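Notes for the one structure printed next.
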């Protein structure tokens, strides 16, 4: 999967988003803000998002971004995030899958990859058996071209043994093709 080009929410520069929510230059600042938020929450738990941003002296968008990523959890939510497949508690807010469903999905993906590989190896075996042999197709095209040239040259042409005669016959064939005679 190719990285997505996106705008850094901290500095506004474009970067290739692989896993980090901010660009490489801003990762250290993001970690520092995370540490500040952690300290503010350890001192006074139960703060709202706005209060956390004020207490830690960080931007509100940074707190919301960390909450969305699952780095922070809202304790006021009575129910944990349900799994999107079975309804059991999810691993985190971002994944929205429980461990069992994630394992099942991995198994299905591995099985699909295995079946695709088997199908591709079967396709390669069929081509090697001669059904899709490239050499055979090329040889058939050559033979068809030779037949076509003999029809154009005419069946009544004498058998040519001398090199000069062969050149003369080729010249006549070329002229016939050129002028349509």
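The values are calculated or read from the model by the stated rules, or taken from the named source; none is laboratory data. Quantities reported herein were computed from a predicted structural model and do not represent experimental measurements. A quick note on method: Cβ atoms are made from the backbone with ideal geometry, for glycine too, and the neighbour counts reach across all protein chains shown.
Only residues that are surrounded by 15 or more Cβ atoms within 10 Å (Cβ to Cβ) and more than 20 Å from residue 8 (Cα to Cα): list them for the stretch 54-70, please. Within the stretch 54-70, 55, 56 qualify.
Checked against the criterion of being exposed (fewer than 15 other Cβ atoms within 10 Å of the Cβ) and assigned to a loop (DSSP other than H, G, I, E, B), the candidates 51, 73 yield just one match: 73. Looking across the stretch 1-33 at every residue that is buried (at least 17 other Cβ atoms within 10 Å of the Cβ) and not in a loop (DSSP other than H, G, I, E, B), the one that is nearest to the chain's Cα centre (by Cα) is identified as 15. Among residues of the stretch 10-22 that are assigned by TED's automatic domain parsing to the domain that holds residue 65 and over 17 Å from residue 70 (Cβ atoms), those with a Cβ under 8 angstrom from a residue that is part of a loop (DSSP other than H, G, I, E, B) and modelled with pLDDT under 85, sequence gap 6+ or separate chain, pair up as 16/3; 18/3.
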